[in-house]
Amino acid sequence: MIANTRMNAWMSAHLGAGGIRVREEDVPEPFRLIVHEGWTVDGDAHLLTALRSGYHGTVRSEWRDVIPYEAAVNGRGMMDYDLPEAGRERLDALLRRSLGYACIALRAVPEEQKWPVLGYVSLSEGGLEGGLLTAHVTFCSERPDLPRYVDDVNAYSQEALLEISQQDVELLLEA
């Protein structure tokens with residue numbers, strides 16, 4: 001297992017004993033374009049620039065702290081309309097796309113940012129039919145004076161959850 005990555009049992013089972021390696025080419029073009037626009041520090045929040053401009057949710061001042069605000073602004077469902085509705089092929093593609101996106105976004109975090117940024121990849125059954133496997137990816141900073149976005153990944157029993165650190169990107173992302 002990668003040193004700084006935390007995952008629950010369901011995600012561990014999906015990844016298998018050998019883990020997974022991803023490439024930038026696994027990431028759909030719209031998500032690569034998000035990363036290409038880079039990161040912005042807005043007050044004390046680390047945000048993907050492209051997602052910040054399109055965010056229309058609760059304003060920063062209404063959040064108790066910055067971590068859930070970052071996760072809300074930076075979070076997106078992974079593109080899946082071109083995938084089969086079920087099966088291992090869907091699962092593998094969603095994992096590769098989501099993990100690839102998380103890795104290239106974390107790799108793009110400027111070195112001078114004050115706080116490390118973590119990526120979160122989740123897989124769950126949802127959609128309009130209730131049984132469609134979907135994926136979500138978000139990012140937020142890790143700060144010693146604030147609660148973590150996810151304290152106990154094993155507490156998530158209804159979805160597969162993976163937390164990725166910036167240090168793990170080079171081990172997950174193929175050149």
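Among the listed residues P68, P84, identify the single one that is of a type outside the set (G, A, S) and loosely packed, with under 13 Cβ neighbours inside 10 Å. Going through P68, P84 in turn, just one is of a type outside the set (G, A, S) and loosely packed, with under 13 Cβ neighbours inside 10 Å: P84.
Scan region 92-115 residue by residue and report those that are part of a helix (DSSP H, G or I), open to solvent by 10 Å² or more (accessible area, probe 1.4 Å) and among the hydrophobic types (A, V, I, L, M, F, W, C). Let's see the steps before the verdict.
Going residue by residue through region 92-115, those that are part of a helix (DSSP H, G or I) are 92-107.
Of the ones still in play, those that are also open to solvent by 10 Å² or more (accessible area, probe 1.4 Å) are 92-93, 96-97, 107.
Listed by number, the list holds a single entry, A93.
Could you check how many residues of region 138-161 are under 19 Å from V66 (Cβ atoms), open to solvent by less than 50 Å² (accessible area, probe 1.4 Å) and either of a type outside the set (S, T, Y) or not in a strand (DSSP E or B) (or both)? Give the steps one after another, and end with the answer.
As a first pass, look at region 138-161 and keep what is under 19 Å from V66 (Cβ atoms): 138-151.
Subsequent filtering for residues that are open to solvent by less than 50 Å² (accessible area, probe 1.4 Å) retains 138-141, 143, 146, 150.
Now restrict to residues that are either of a type outside the set (S, T, Y) or not in a strand (DSSP E or B) (or both): 139-140, 143, 146, 150.
Of the residues in that region, 5 qualify.
When restricted to residues that are open to solvent by 50 Å² or more (accessible area, probe 1.4 Å) and not in a loop (DSSP other than H, G, I, E, B), region 116-131 contains 1.
Quick one: would you say E37 is at pLDDT 90 or above and under 17 Å from L99 (Cβ atoms)?
Working: at pLDDT 90 or above: yes; under 17 Å from L99 (Cβ atoms): no.
So E37 does not fit the description; no.
When V66 is tested against (1) in contact with a Pro (Cβ under 9 Å, 6 or more places away or on another chain); (2) closer than 17 Å to F139 by Cα, exactly one condition is not met: (1).
The values are calculated or read from the model by the stated rules, or taken from the named source; none is laboratory data. No experiment lies behind these values; they were computed from the predicted model shown. Positions of Cβ are generated from backbone atoms using ideal geometry, with glycine treated the same way; all protein chains shown enter the neighbour counts. What goes into the accessible areas is simple: the full protein's heavy atoms, side chains included, and nothing from ligands, DNA or RNA. Shrake-Rupley method; radii C 1.70, N 1.55, O 1.52, S 1.80 Å.
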